[in-house]
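See structure below.
The values are calculated or read from the model by the stated rules, or taken from the named source; none is laboratory data. Please read these numbers as outputs of a predicted model, since none were measured by experiment. Please note: Cβ atoms are built from the backbone with ideal geometry, for glycine as well, and neighbour counts cover all protein chains shown.
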Amino acid sequence: MARLSYSNPSIKRLALILLALGLISLPFGFSPLSNLSLAVLALLSILSFKRSDWKYSLKQPASIASILFFSLYALSLFYSENVDGGQADLETKFSFLLAPLILFGLGQYLRKDEINKISWLFIGANLACLISALAYAGWRSYQSQSFSFVLPNGTQEHFYFLYETFAEPFMHPGYLSTHFGIAIILLLFRWREKENQALLVFPLIFFLSFGLFLLQGRINILALALVIGTLLVYWWLKDLRWKALLVSGALVFALVISFLSFAPQSVKERYLAFPDFSYDISGSSFNSATYRLAEWKCAWHAIAQKPWFGHGIGDAEQVLFNSYQELGFHQGLERRYNAHNQYLETSLALGLMGFLVLLSLLAAYMWQAIKSRNSAVLAALVFFSISMITESMFERAWAVVLFNVFFPLFLIKKKEA
């Protein structure tokens with residue numbers, strides 16, 4: 001039997017189909033399809049790669065950093081008491097070990113037009129996800145003849161078109177907001193490359209931005225605003241497009257005034273929830289900002305107990321809960337909140353060593369993006385890195401797979417068609 005090879009057009013076409021299936025299923029949170037398609041892709045690549053392909057992948061700094069990141073988690077099992085729980089968490093992070101190797105190697109065989117098609121499929125999947133969420137929320141609202149509901153024995157009003165209830169069919173809103181944000185960044189660079197596509201791209205950007213607003217992912221919106229704002233100011237100053245700069249500034253000002261004037265009070269409270277450092281950690285009155293402050297305080301307390309190598313992947317969660325109990329954060333213990341910060345979450349499990357390797361992982365990807373002049377990937381990385389400040393991204397497969405598939409795939413400079 002002839003050896004499999006990505007030089008064979010049929011084998012490469014199969015790889016593209018598997019890759020497309022994996023990316024399309026990501027925004028919908030449909031893990032079985034994404035995991036299966038990516039697992040088959042990995043097997044196909046292992047059978048098809050030449051020795052030179054493996055050498056090429058292993059030379060990439062991001063591959064080395066990713067393998068080291070996973071290896072530290074695996075080694076921490078040896079000093080974890082809860083080995084079963086640690087093994088389950090390690091499975092979630094398994095793509096750090098293999099995905100960059102596979103996708104960097106595969107990237108050598110892909111043309112720029114093929115990657116562009118895959119990026120449009122990812123954008124389309126996010127649009128389809130948003131349309132589905134709107135349709136489902138509309139159906140639930142129609143059935144109840146109301147825009148909101150209150151759970152039995154509860155007092156909090158939940159809106160069908162907002163936050164967790166809106167994202168409920170797919171994943172946590174913080175993770176879905178990250179998918180939408182990356183899709184918006186891709187669209188922005190599609191417009192930058194071909195400004196004659198503005199009539200197509202801008203409505204899609206506004207539609208996904210509207211979805212981001214409904215999801216109420218504040219850190220994602222802030223990160224996206226910083227990234228896009230910086231890019232637009234740089235581009236328009238570089239091109240001396242003063243009119244565009246003034247119009248965009250006026251548009252942002254108008255949107256802020258409209259929000260402050262017309263948004264429902266509950267929505268304004270969500271977006272304008274500022275940190276209050278005088279909060280009572282043992283009380284029951286929290287907003288989303290003070291919840292984070294309490295979680296971070298308890299996380300630091302736990303990290304200080306084993307600062308160098310952490311508590312291990314199996315015990316990090318329970319140690320955090322113990323810290324909640326010791327410091328009287330009853331709400332966090334009752335709701336079993338994680339640290340809501342990936343940098344702290346990694347430090348809990350792996351200590352300072354893990355924190356430095358996490359920074360090295362992000363820096364390696366950024367260095368490769370700068371070296372290859374891939375501004376879209378660099379912008380997406382900055383967005384993702386900021387989003388990790390208030391969300392433990394690498395504790396759920398939704399973000400782990402997105403990170404380990406999207407960034408290696410779109411990072412390498414592809415061949416022209």
**Message:** Go through the stretch 272-286 and report how many residues are surrounded by fewer than 16 Cβ atoms within 10 Å (Cβ to Cβ) and either under 26 Å from the mean Cα position of the chain (by Cα) or modelled with pLDDT of 95 or more (or both).
**Reply:** 3
**Request:** From (1) surrounded by fewer than 17 Cβ atoms within 10 Å (Cβ to Cβ); (2) within 22 Å of the chain's Cα centre (by Cα), pick out the condition that doesn't hold for Leu58.
**Result:** (2)
**Prompt:** Counting just the residues of the stretch 141-161 that are part of a helix (DSSP H, G or I) and of a type in the set (Gly, Ala, Ser), which one comes out surrounded by the most Cβ atoms within 10 Å (Cβ to Cβ)?
**Reply:** Ser141
**Prompt:** With respect to Ala125, is the statement that it is small (Gly, Ala, Ser) and at pLDDT 90 or above true?
**Reply:** yes
**Item:** Test for Ser76: is it farther than 25 Å from Leu18 by Cβ and either in contact with a Leu (Cβ under 8 Å, 6 or more places away or on another chain) or not hydrophobic (A, V, I, L, M, F, W, C) (or both)
**Value:** yes
**Complete:** Within the stretch 80-96, residues crowded, with 18+ Cβ neighbours inside 10 Å and among the aliphatic types (A, V, I, L, M) come out as Leu90
**Prompt:** How do the pairs read when you match residues in the stretch 110-136 that are touching a residue at least 60 places away in the same chain (Cβ under 8 Å) and in a helix (DSSP H, G or I) with residues anywhere that are crowded, with 16+ Cβ neighbours inside 10 Å and β-branched (Val, Ile, Thr), using Cβ under 6 Å and keeping only pairs 6 or more apart or on different chains?
**Reply:** Leu121/Ile24; Ala125/Ile24
**Checking Ser266 against (1) at pLDDT 70 or above; (2) not assigned by TED's automatic domain parsing to the domain that holds Leu162, the condition it does not meet** = (1)
**Asked** Which members of the stretch 332-342 meet the condition of being buried (at least 19 other Cβ atoms within 10 Å of the Cβ) and either in a helix (DSSP H, G or I) or free of Cβ contacts under 8 Å to residues at least 12 places away in the same chain (or both)?
**Response** Gly332, Gln342
**Asked** If you check Tyr136, Tyr142, which single one turns out to be more than 30 Å from Leu58 (Cα to Cα) and within 24 Å of the chain's Cα centre (by Cα)?
**Response** Tyr136
**Message:** Can you say whether Phe206 is outside any helix (DSSP H, G or I), within 25 Å of the chain's Cα centre (by Cα), without any contact (Cβ under 8 Å) to a residue 60 or more places away in the chain and outside the structural domain of Asn341 (by TED's automatic domain parsing), as far as the supplied structure shows?
**Reply:** no
**Request:** Of all residues in the stretch 7-30, count the ones that are surrounded by 15 or more Cβ atoms within 10 Å (Cβ to Cβ) and assigned to a helix (DSSP H, G or I).
**Result:** 13
**Message:** Could you tell me how many of the residues in the stretch 21-64 are of a type in the set (Lys, Arg) and touching a residue at least 40 places away in the same chain (Cβ under 8 Å)?
**Reply:** 1
